[in-house]
Structure formats: structure tokens, C-alpha cells
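S.K.: One structure, as C-alpha cells, below. Some questions next.
The values are calculated or read from the model by the stated rules, or taken from the named source; none is laboratory data. In this text the structure is predicted, and so the values were computed from the model without any measurement. Counting neighbours? That spans all protein chains shown, and the Cβs are built from the backbone with ideal geometry, glycine included.
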Amino acid sequence: MSKISRRRPPINSEQAQVSSVRENILLRNQIPTIWPGDVEKLLVAFSEKSAAKPSGETLDLTKVPFVTIDGKDARDFDDAVYCREDAAGFKLDVAVADVSRYVERDGPLDLAARERGNSVYLPGRVVPMLPEMLSTDLCSLNPGEVRFALVCRMNLTHDGKIDHYEFVEARIQSAARLTYDTVSAFLNQPDSAFLDQTSSVKQSLRTLDVVSRKLWDQRRARGSLQLEFSETETLFDHDGYIEAMKLRPRPEAARVIEECMLAANICAGQALDRSLSKAIYRCHDAPDRDAIRNLKDIFGVFGVRIDGGSVPTGGVLSRALASAKKNKKPLACLQMLVLRSMKQAFYSPTRSAHYGLGFETYTHFTSPIRRYPDLIAHRLLKAVLDKEPMPGAGYDERELTAITDHCSRTERQAEVAEREMMTWLKAQFMHEYIGNVFLGTVSGVAGFGVFITLEEFPVEGMIHVSELGWGYFEFDQRHMSLVARETGERVMLGDRIRVKLAGVHLEDGKIDFARVLDDGFPPKPPRSRKRNRSRQNQARRKRAAASGRRH
């Protein structure tokens, strides 16, 4: 690989303003950023509700050593966890911020939160679903502050099965605000003095680690799809541009929190389904049969078999991926193909299975500060606890359908905005490396070219088919490869290729690569057949003339 040189791209002032691009992306994706006037007035007059003084029946859990575990940049803390072991098994408590206590149904705050649907997290800016007075203060489970919470209290057997649960309204006081990295380091070395916390907090973390592994074993047995993607760690400079980025393994603590949240969400979904004819659920349909058929064809190229009939379970796909990993096949590429074959998850007032997770009943309950469906789930659960008249606890099917459709749409808008922002920032970052040579892996194949993911940076770009090499390349869709007609060379998923960064389109964030051969030069473009025949005829005439002179 050539030595990398960096230089600031010659871009105009409008392009150079990260904040301007960010605002344009938010506007283009119809993401509201300004609070309505009635919300502003309400916030001015909003007096803090002291969590230290109970309002209605609340269970006092302030002595339980709950902790929050989040990313280092998080400011809104939806959930806190605690776990202990006894003779019968494990007691797992997941406390979730009681947002519904502050946000009155159909009031100005509620209508504004419903319109947003969810918080949007862009580098350098968060567009919150709720004003910061709530999202980072009154509702957030900040350490040392007494806060209202709706707590899912679960009893688990020693092998990780949930055999009983209940939901209670409570007051808690988080003992600590911990990060994924800190907790992961502690779990890797639990006897070290790395974590400066009480013995009760440390013991809870050790037990949470054990329980999360058992919960994962249970989920895997039910057919949950397992994907092992690394996460991207990105550093930004003071202007908001990417300064450095790299891939790293997912922290162990992220797995701990994920399994605890999934368990609480399962219990919430089951509680709603048991008591209400219509509620709010998180659903995920199985892939289409054609998508599975294509997957089987491509996996077969690498000698990996996908069993399970026309629509295998997520567990079957996980076993196929495990086989690919064991036999050193291009796991990252195959995982991405599996992910792309999946349908999008969605919200619905009618319960249906979640294919990817392998759950028959599932909802979102654990993030009401940043997701509106979770707030609805809280209201419905409270109605169940209060044993109010059903069905719908005041939400009829028509309203629930409107809410779920809208929130599914705002979720997509947020995902698009977040992806567009990172794509633009990565293009700005790579602009400084134009002309440099990198080693990459073919991560996608289409008729017009191949997509390359670099090994040095988590960045993807494209080699146009005209830049691949000598000959005319034809697309083999069944085997996801491009094949040169003249030479038979095949470029396929997982191939490692040396590429030169040929150009960057700063406006739309596209990155262009050119293939580099082992001699350091790009492949020569094929001459036309007509031109080749002309050169061949000239050579024949010269040889004939030379032969005549000799005789």
C-alpha cells in the first residue's frame, strides 16, 4: 500500500460548513427542528415535578443500586438495570423513564412528540423527540437524582428462562452513569480496581453479564438471527469533520444491555397482548422466497449450504453464517447480503412475529424519551395496571394504526438522514486521500460495477465496470460476480483488490475507485476488435514483404 498523504480539499465555503449540510439534510427529510409556540409557552411555565414526593402509588426502589450503561456521548438516559442471584435463579429489574407522567396525552408536548416520532442523532447535533428539559433532565435517569420509572421486574430460572414478570410504577435513584467501554473493561477484568464503584454495583454487573449470556442462549434456541458486525468508532475535529475512524469489536457491555432490553420488551409485549385486543407492537416479516432463493445460490458459490426450506428461520441463517466463518469465507459480505435480504421492521396495532429476533410477541418499551411508540406502550401498560375498561385503553384501532404508520415512516426518515450525513462526512474525509492506493474487499456486485469496502477505513466506494480490467465484463446475477468475456476473469464477493482513489463527489457523497494491478498500474482498457484486426493485418503484410525480399 502506498504511503498516505493528506491535504485539505479545495471546497467552497458553503460545502465547508458542516452545520449547513446538516440543516439541509434535516429539511430534505422533513424532520421538524423547531418547537411549536404552545410547547415553548408550556416549557416556560413548566414547574418541576419533584420525584422525591410520590404522586399516586409508587414503589420506593431508591435503595436498589440501579446503573445506566450507555455510550460516552449519551445525555438522555432512558433505562437503568439491576440484577441479583438467589436460590431460585435471577431477579432482573429494568427501570425505564416514566415519560408518560410528564407528557399529557394529546397535549402540546404529546402532539409535538408524535409529529417527530423519534429522536434523530446526527454527528454534532441531536434533534430530540422531547425538549431537553424533559429528555436530559426531568425524565432522564441521571445519577444521584430521584426519578419516576416504570419498572419491569423479572424472575429468571438458572438457565435464563423468564418464568414470571410484573410492571410497577416506582421511584429509583441511579447509583452511577456508566459507559459501555468502562463496563466492558471491568467485565474482562472483574477483579481489577478499574471500576470505582460500590461492591453492590460491581456484583450486579457481574450478575448482569451472566444473565445476558443465558438470555442470549435462550434467544438463539428460539431461532434469533445472529449478525456479528463490528462498530465504527469515529472522531471529529472542532469544525465537525471526521478526523479519524476505525472499526472495533462491539463492546461486551452493549450485549449486556441489549439482552436486558429485549427481555423487558418481550414482557411488555406479552402483557399488552394478554389484556388488550389492539395495542402497539414491533413486527418483522420473514424474507420473500425469491430473496432466500438468491441467498442460497450465492452461499452455494462459497460452498455454504442454507437448509430450512423456502423460508428458513433466523437460526438457520445464523448457522450458515457460522459455517462460513469457520471455513474462512467472506463473512462480512455474506452477512451484508443476509441483512439486505431482510424486510424492514415496522410498528403495528396487531401482534405478529418478529422474524429477526425470533419472538412471537414483541414491542418497544425501553426508550420512551426517544421513541414515541414506547410512550404509547407505557400508557397502555399503565391502563392495564390500573385495570381500566378495555379495549385499547382509550386508543382505538384507527388511532393506533395512524400512530404506528406515522412512526414507522419517521423512523425511516431518521435512518436516511443519519446515513446521508455520515456519507457526506466520509466523502469529505476521503477527499484528502485522492490519488492514494488502498487494499479493499468486494462488498457488492452490480451490472455497472463493484462496490469496494476499504480495509484501512470503514468506507465504501465503487469501481465502474469500465475500470475493472481488460475485456468486456458481464454480470452474473446468480453468482453475484462480473466475468470478463475474453479472459474468463471473475470478480466476485470477497475478492481483495488494490484500488486507487480516483475521485469523490462531494455533493452526493459518492466515492470512485480505479483498479490497480500488481505492477502498480491500472489495467489497460481493451482495444476495439476492429482496431485489433487492423493491427493484425498490418503485421501480416509486413511479414509477407520481408519474406519476399529474403527470397
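S.K.: Residues SER230, SER224: which one is loosely packed, with under 15 Cβ neighbours inside 10 Å, under 26 Å from the mean Cα position of the chain (by Cα), among the polar types (S, T, N, Q) and closer than 25 Å to LEU357 by Cβ?
M.R.: Within the list SER230, SER224, the selection yields SER230.
S.K.: Out of SER200, SER212, SER192, I need the residue that is free of Cβ contacts under 8 Å to residues at least 60 places away in the same chain, surrounded by fewer than 16 Cβ atoms within 10 Å (Cβ to Cβ) and of a type outside the set (Asp, Glu). Which one?
M.R.: SER192
S.K.: Continuing with the same structure: When the residues of segment 489-508 are narrowed to those that are out of contact with any Gly (no Cβ under 9 Å at 6 or more places or on another chain) and surrounded by fewer than 19 Cβ atoms within 10 Å (Cβ to Cβ), which ends up farthest from THR453 (Cα to Cα)?
M.R.: My answer is GLU507.
S.K.: Hey, does segment 444-451 have a residue that's at pLDDT 85 or above, touching a His at 6+ places or on another chain (Cβ under 8 Å) and in a strand (DSSP E or B)?
M.R.: Yes, segment 444-451 contains a residue that is at pLDDT 85 or above, touching a His at 6+ places or on another chain (Cβ under 8 Å) and in a strand (DSSP E or B).
S.K.: Right, something else. I'm trying to understand the selection: among the residues of segment 248-261, which are in contact with a strand residue (DSSP E or B) (Cβ under 9 Å, 6 or more places away or on another chain) and surrounded by 14 or more Cβ atoms within 10 Å (Cβ to Cβ)?
M.R.: Residues satisfying the conditions are ARG250, PRO251, ALA253, ALA254, VAL256, ILE257, CYS260, MET261.
S.K.: So which of LEU247, LEU225, LEU208 ends up being in a loop (DSSP other than H, G, I, E, B), within 28 Å of GLY314 (Cα to Cα), assigned by TED's automatic domain parsing to the domain that holds VAL384 and not acidic (Asp, Glu)?
M.R.: LEU225
S.K.: Report yes if LEU385 is more than 30 Å from PHE236 (Cβ to Cβ), part of a helix (DSSP H, G or I) and over 30 Å from the mean Cα position of the chain (by Cα), otherwise no.
M.R.: yes
S.K.: Another question about this same structure. Could you check segment 398-427 and list, in sequence order, the residues that are surrounded by fewer than 22 Cβ atoms within 10 Å (Cβ to Cβ), among the aliphatic types (A, V, I, L, M) and farther than 30 Å from LEU375 by Cα?
M.R.: ALA427 - this is the single residue of segment 398-427 that is surrounded by fewer than 22 Cβ atoms within 10 Å (Cβ to Cβ), among the aliphatic types (A, V, I, L, M) and farther than 30 Å from LEU375 by Cα.
S.K.: Got at least one residue in segment 273-280 being at pLDDT below 95, among the hydrophobic types (A, V, I, L, M, F, W, C) and within 30 Å of PRO368 (Cα to Cα)?
M.R.: Yes: one or more hits.
S.K.: Within the bounds of segment 378-389, is there any residue that is out of contact with any strand residue (DSSP E or B) (no Cβ under 8 Å at 6 or more places or on another chain) and under 26 Å from ILE69 (Cα atoms)?
M.R.: There is at least one residue in segment 378-389 that is out of contact with any strand residue (DSSP E or B) (no Cβ under 8 Å at 6 or more places or on another chain) and under 26 Å from ILE69 (Cα atoms).
S.K.: Here's another thing I want to ask about it. Within segment 428-472, take every residue that is in contact with a Pro (Cβ under 8 Å, 6 or more places away or on another chain) and at positive phi and give me the one that is surrounded by the most Cβ atoms within 10 Å (Cβ to Cβ).
M.R.: Among them, the one singled out is GLY469.
S.K.: Could you check segment 110-136 and list, in sequence order, the residues that are among the basic types (Lys, Arg) and surrounded by fewer than 17 Cβ atoms within 10 Å (Cβ to Cβ)?
M.R.: The answer is ARG125, and nothing else.
S.K.: Taking CYS283 as meeting all but one of (1) within 19 Å of THR363 (Cβ to Cβ); (2) out of contact with any His (no Cβ under 7 Å at 6 or more places or on another chain), write down the number of the exception.
M.R.: (2)
S.K.: Return the total of residues in segment 339-364 being within 18 Å of GLY315 (Cα to Cα) and among the basic types (Lys, Arg).
M.R.: 2
S.K.: Then there is this: Among the numbered criteria (1) modelled with pLDDT under 95; (2) in contact with a Gly (Cβ under 6 Å, 6 or more places away or on another chain), which one does LEU138 miss?
M.R.: Result: LEU138 fails condition (2) only.
S.K.: Also: Give the residue, chosen from PHE475, PHE457, PHE448, that is among the aromatic types (Phe, Trp, Tyr) and in contact (Cβ under 8 Å) with a residue 40 or more places away in the chain.
M.R.: So the residue among PHE475, PHE457, PHE448 that is among the aromatic types (Phe, Trp, Tyr) and in contact (Cβ under 8 Å) with a residue 40 or more places away in the chain is PHE457.
S.K.: A further question on this structure: Which is touching a residue at least 12 places away in the same chain (Cβ under 8 Å) and within 26 Å of the chain's Cα centre (by Cα), of VAL146, VAL120?
M.R.: VAL120
S.K.: Collect the residues in segment 355-379 that are touching a Ser or Thr at 6+ places or on another chain (Cβ under 6 Å) and either among the acidic types (Asp, Glu) or not assigned by TED's automatic domain parsing to the domain that holds SER275 (or both), keeping them in residue-number order.
M.R.: ASP374
S.K.: To continue, here is another question. Hey, can you tell me all the residues within segment 339-361 that are under 18 Å from the mean Cα position of the chain (by Cα) and under 17 Å from VAL94 (Cβ atoms)?
M.R.: Across segment 339-361, the qualifying residue is only LEU357.
S.K.: List, please: which pairs have Cβ atoms under 8 Å, are six or more places apart or on different chains, and start with a residue in segment 216-227 that is under 11 Å from LEU262 (Cβ atoms) and end with one that is among the basic types (Lys, Arg) and surrounded by 18 or more Cβ atoms within 10 Å (Cβ to Cβ)?
M.R.: If the second residue must be among the basic types (Lys, Arg) and surrounded by 18 or more Cβ atoms within 10 Å (Cβ to Cβ), the pairs left are TRP216/ARG255.
S.K.: Another question, then. Do we have any residue at all in segment 338-357 that's at positive phi and either surrounded by fewer than 17 Cβ atoms within 10 Å (Cβ to Cβ) or in contact (Cβ under 8 Å) with a residue 24 or more places away in the chain (or both)?
M.R.: The answer is no; no qualifying residue exists.
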